[in-house]
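Data block below; observations after.
The values are calculated or read from the model by the stated rules, or taken from the named source; none is laboratory data. What you are looking at is a predicted structure, and each value in this text was computed from that prediction instead of being measured. Because the Cβ atoms are built from the backbone with ideal geometry, glycine has one as well, and the counts that use them run over all protein chains shown. Areas reflect the complete protein model, heavy atoms only, side chains present, ligands, DNA and RNA absent. Shrake-Rupley method; radii C 1.70, N 1.55, O 1.52, S 1.80 Å.
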Amino acid sequence: MGCCGWLWNSWLCLGLGILPISVGILLAATFAISYSIAVMLGHVEPGFPYISDTGTEPPESCIFGQLLNITAMLVAATIYVRYKQVLEYNHRPEDSGLLLLNKLSCWVGMFVALGMSLVGNFQETSVLVVHFVGAFMCFGCGVLYGCLQTAMSYKMYPHQNSLAVCRVRLAILSIATLCFISTIVAGGLAYMDYHGKDREKWLPEDGVRLYPHW
């Protein structure tokens, strides 16, 4: 009982801060679980396959889709909380530009959540076009959301956040942008260079691997 009470109090202290933490934990768990099952059942080869390849065959596809749907809802909730947070602390007339960015970033963030849900529900082996649209919405809009949030952080410095927060967000944005571009380039090269028989079982000798995707 004491342990449960401590855990409950810890969650209460975190408050709405638990939302982004839950997104990170659940997203990592989704990829780890679907990857592990797919490898154990021989649906993909060990290494660095497309993340989507680990969620194309049952039973891992069911887990992949369900967990991504839950994560997408948490992402949408996190983005809305961030929108309301910025709105609450910025009421001055000179904040009109910031509030416009805030509203735009909220809409972009909702597209991220929708794209994540599309990726989970439309497997690449079933509805490839919708799956790719969802992936570009998730990753592309995710990078754009990062750009907007970074710009907002600099606008809110030093009243709402420190310069260190601005720099950390800029560093994360730079890494995310680099990974997004690398994924597109490496994905194109991988498909052009591929000379295997089953794209879901991508062997090292079949061509370029997609490390930036992970």
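Evaluate the following for Thr71: is it within 24 Å of Ala38 (Cβ to Cβ) and in contact with a helix residue (DSSP H, G or I) (Cβ under 9 Å, 6 or more places away or on another chain)?
Yes.
Just one of (1) touching a Gly at 6+ places or on another chain (Cβ under 8 Å); (2) open to solvent by 30 Å² or more (accessible area, probe 1.4 Å); (3) without any contact (Cβ under 8 Å) to a residue 24 or more places away in the chain trips up Asn69, so point out which.
(3)
Please list, ordered by first then second residue, the pairs with beta carbon atoms under 8 Å, 6 or more apart or interchain, first in the stretch 85-97 and within 11 Å of Met152 (Cβ to Cβ), second open to solvent by 90 Å² or more (accessible area, probe 1.4 Å).
Gly97/Lys155
Just wondering, is there one or more residues in the stretch 105-118 that are loosely packed, with under 15 Cβ neighbours inside 10 Å and assigned to a helix (DSSP H, G or I)?
Checked against the condition, which is being loosely packed, with under 15 Cβ neighbours inside 10 Å and assigned to a helix (DSSP H, G or I), the stretch 105-118 yields at least one hit.
Residue-by-condition table, conditions (1) over 21 Å from Cys62 (Cβ atoms); (2) under 19 Å from the mean Cα position of the chain (by Cα):
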position: Glu94; (1), (2): yes, no
position: Leu100; (1), (2): yes, no
position: Ala113; (1), (2): no, yes
position: Met116; (1), (2): no, yes
position: Asn121; (1), (2): no, yes
position: Glu124; (1), (2): no, yes
position: Val130; (1), (2): no, yes
position: Leu144; (1), (2): yes, yes
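How many of the residues making up the stretch 25-59 are within 19 Å of the chain's Cα centre (by Cα) and either in a helix (DSSP H, G or I) or closer than 19 Å to Gly134 by Cα (or both)?
The number of residues fulfilling the criteria is 19.
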